[in-house]
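The structure appears below as structure tokens.
The values are calculated or read from the model by the stated rules, or taken from the named source; none is laboratory data. Computed from a predicted structure; not experimentally measured. Cβ coordinates were reconstructed from backbone atoms using ideal geometry, including for glycine residues, and neighbour counts include every protein chain displayed.
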Amino acid sequence: MSKLPLKEGRLLRAPENFLSSDFSAEVLKKGFDEERRSFLRRSFLAASAAVAAAGASGLHSNQAAAAEGEEAIMALPAHTKGLGQAVAALGYGQPSQFEKNLQRRESPGLNRVSAASVSFCPLQGLFGIITPNGLHFERHHQGWWDIDPRQHRLMVMGLVKQAKVYTLDDLMRFPSISRIHFIECGANTGMEWGNAAVPTVQYTHGMLSCCEYTGVPLKLLLEDCGIDLKAARYVLAEGADGASLTRTINIENALDDVIVAWGMNGEMLRPENGYPLRLVVPGVQGVSWVKYLRRIEVGDQPWFTREEVLHYVDLMPDGRQRQFTSIQECKSVITSPSGGQVLLGQGTFNISGLAWSGRGKIRQVDVSVDGGNTWRNARLQTPILDKCLTRFNFDWVWDGKPAILQSRAIDSTGYVQPNYRQLRAVRGSRSIYHNNVIQSWQIAGNGEVFNVQVS
């Protein structure tokens, strides 16, 4: 690796709060037409410009302070001279008041009913691979509930010797396991099929999270009920939400790594993430990770449920629709620098991002700073786990000239993440689901970062 210059570049965060509540309400009422799309772009650019101006002002102030000698290090603020907050002042710890801008956010216009919508995870502000429980993305079909675990039951039935009903206490008596996996909605990056539609990585890729899940392997429950292994081909998972969400899962997955989970990142599941029980189906699109799990049925053929014939299907160029395309293919995205952020002057920057594959481990990530003309290997940060996010880093010296940043992931099967030309040649541009294309961020000469598409 070449020796890096001493000067380190400074990065300004994205203005993720540029969507007003009035604008969101108007979109929900009247729809997301081209006029409002243009307003959205203008609002984002205005917010970015304001943040950039403030950052530039701060940069000049810091440079002046450095020239005169930094006084802040010699100051004695109040927190160095008095008694702080008492222990257990907060029964459950909260983020700092200075980090309030990092939140899950809903994109206006996706759905008219917020109970059947999405909140996006702020990937641009996270470190490592674990998503904090309070920032995990949400996707609901009929809203979320805080269900009394004492009243909740899980039934296992169908092609088994004995159908059984389990309480949460019953399930927690089984041998448990904990594993780290990513979960990605099949519609993640779905707004980008036709053109660059949204400004920041929170909205392009934010239907993605990664957590440590704790629960009982589904295989143990099926064996406990005496599954008919000769006849069984699929299982049906059903949730206890208002949509009674149901999904078909093939028996190979069910007997392999599927978990009936009650724990997430060392604590019980959050209500918006399926408390008290959810299914964990590693590598498979998030809709199959059924929340509020109440029924497992073993069968010999798919159920062709509503979410398998009307939704979560892939429209192909010839007009046909693919069904049961559940696996989330190899994918990556640069989270920093990314859309809405600003590079404050030339210097060395750490390009950082995430890579993942529903078919195994990440083997390699390449980074390009010239729109895909040349590629260099990024550093993969450990741990590198199966069907899990992998953090990558790449040192880059920005010379102040326009650039286009991209990342390209390769998984353990040898599959290479495609560009738009390659993906559209097979899938067209009218789909919604399973967009795993290479993401491009354009850096302007003034340091502003924008979402663009490069074929």
Could you grab the pairs with beta carbons closer than 9 Å, sequence gap of 6+ or different chains, first residue in the range 1-15 and more than 19 Å from residue 447 (Cα to Cα) and modelled with pLDDT under 70, second one surrounded by 12 or more Cβ atoms within 10 Å (Cβ to Cβ) and of a type in the set (Lys, Arg)?
none
Give the number of residues within the range 378-402 that are in a loop (DSSP other than H, G, I, E, B), within 28 Å of residue 443 (Cβ to Cβ) and hydroxyl-bearing (Ser, Thr, Tyr).
0
Restricting to the range 307-363, what's the tally of residues that are among the acidic types (Asp, Glu) and in a strand (DSSP E or B)?
1
Being surrounded by 24 or more Cβ atoms within 10 Å (Cβ to Cβ) and more than 22 Å from residue 359 (Cα to Cα) narrows it down to one of 229, 222, so name that one.
222
Given the structure, is residue 347 surrounded by fewer than 24 Cβ atoms within 10 Å (Cβ to Cβ) and either more than 21 Å from the chain's Cα centre (by Cα) or under 21 Å from residue 193 (Cα atoms) (or both)?
yes
Pick from the range 90-146 the residues that are of a type in the set (Ser, Thr, Tyr) and surrounded by 18 or more Cβ atoms within 10 Å (Cβ to Cβ): which of them is farthest from residue 270 (Cα to Cα)?
107
Going by the conditions given, is residue 279 modelled with pLDDT of 95 or more, in contact with a helix residue (DSSP H, G or I) (Cβ under 8 Å, 6 or more places away or on another chain), over 19 Å from residue 394 (Cβ atoms) and surrounded by 23 or more Cβ atoms within 10 Å (Cβ to Cβ)?
yes
Pair list, Cβ < 8 Å and 6+ apart or interchain, from the range 77-105 residues that are touching a residue at least 12 places away in the same chain (Cβ under 8 Å) to residues that are of a type in the set (A, V, I, L, M) and not in a loop (DSSP other than H, G, I, E, B):
102/135; 103/135; 104/135
Which is out of contact with any Gly (no Cβ under 8 Å at 6 or more places or on another chain), at pLDDT 95 or above and buried (at least 20 other Cβ atoms within 10 Å of the Cβ), of 382, 390, 374?
390
Tell me which residues, restricted to the range 393-421, are surrounded by fewer than 19 Cβ atoms within 10 Å (Cβ to Cβ), over 29 Å from residue 178 (Cβ atoms) and of a type in the set (A, V, I, L, M).
397, 404, 416
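What number of residues in the range 290-306 are part of a loop (DSSP other than H, G, I, E, B) and out of contact with any strand residue (DSSP E or B) (no Cβ under 6 Å at 6 or more places or on another chain)?
Number of matching residues: 3.
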Note on the range 412-433: residues assigned to a helix (DSSP H, G or I) and closer than 14 Å to residue 192 by Cβ are 420, 423, 424, 427
Criterion (surrounded by fewer than 18 Cβ atoms within 10 Å (Cβ to Cβ) and assigned by TED's automatic domain parsing to the domain that holds residue 133) met by exactly one of 285, 301:
301
